[in-house]
Amino acid sequence: MTTAELRPRARGRRVATAPSSRRPALLVALALWGFALVLALNSSAVITLEAKFTSLIMGMFTFGGATSHDHLIYIGIGTGEVLGFLITPLCTSLVLATPVIVLAGALLLFPRYRVSWVLKGVLIALPLAVGANTARFVLVGVALQLWGRGGFEVMHHYVGSVLVLLCSALALVLLLVVATTGRVRIPRSWLDRLGRRD
């Protein structure tokens, strides 16, 4: 048997095994998208849990006690001035977490991305995105107690929004970096490309 006769069989064997080797990645991608869909369909319940968790954190930084009811967070309990604000569908951490989950699933459609690296990136990016939103709520609560409605508006619409936008962008970048390299370090090739553009 000649070398030429062997090559077609080798190619055929590679093509035959490729789909099965990609199956775990595709299953994880579907699982991530399914998780994002479940979160979206149950957003009301998720926001209720988020309000409970956020009230616990806010109680550490605001005057008086803090609690929640449905999507409402109350602060200043026991101080004589109880204040409250609502977690709306546009302010919830779901808005920041969902793009991370969906992007992670999309990366797994490409053979170059390892499942373990992508999932590692998700575990790093998600806490950053959710933590930034929780920090915004804390800042809003502190500003509301210290400066009233004016402080709430400034912190919510300006300072808090900038914080969340920067951290959500950083979360997506970290996901891409970790999914590409397996580490939280920008690849040298990316830096070289940026240097050439400058």
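Points worth noting:
- A 1.4 Å probe over all protein chains sorts GLU81, GLU153, GLU50 by accessible area into GLU81, GLU153, GLU50, starting with the largest.
- Annotation: MET60 carries an accessible surface of approximately 140 Å², with a 1.4 Å probe and no ligand, DNA or RNA atoms counted.
- Sites VAL159 and LEU109 - FRET efficiency at Förster radius 35 Å, r taken between beta-carbons, to 0.05: 0.40
- FRET efficiency, 1/(1 + (r/R0)^6) with R0 41 Å, evaluated for VAL82 and THR181 via beta carbons: 0.25
- Were the residues from ALA40 through ARG22 laid out at 0.36 nm apart, the gain over their Cα-Cα distance would be 3.7 nm.
- Checking every one of the chymotrypsin sites (Phe, Trp or Tyr not before Pro) in region 43-137 against DSSP loop status and a limit of 15 other Cβ atoms within 10 Å picks out PHE61.
- List VAL173, VAL28, VAL178, ordered by accessible area with a 1.4 Å probe, largest first: VAL173, VAL28, VAL178
- Kirkwood Rh and Cα Rg combined as Rg/Rh, region 48-198: 1.10
- Potential lengthening between LEU56 and TRP147 on full extension [0.36 nm per residue; Cα-Cα distance subtracted]: 30.6 nm
The values are calculated or read from the model by the stated rules, or taken from the named source; none is laboratory data. Worth saying up front: this structure is predicted, and the values here are computed from it rather than measured. When we count neighbours, we look across all protein chains shown, and the Cβ atoms used for this are built from the backbone with ideal geometry, even at glycine. To get the accessible areas, we keep the full protein, side chains included, count just its heavy atoms, and leave off ligands, DNA and RNA. Shrake-Rupley method; radii C 1.70, N 1.55, O 1.52, S 1.80 Å.
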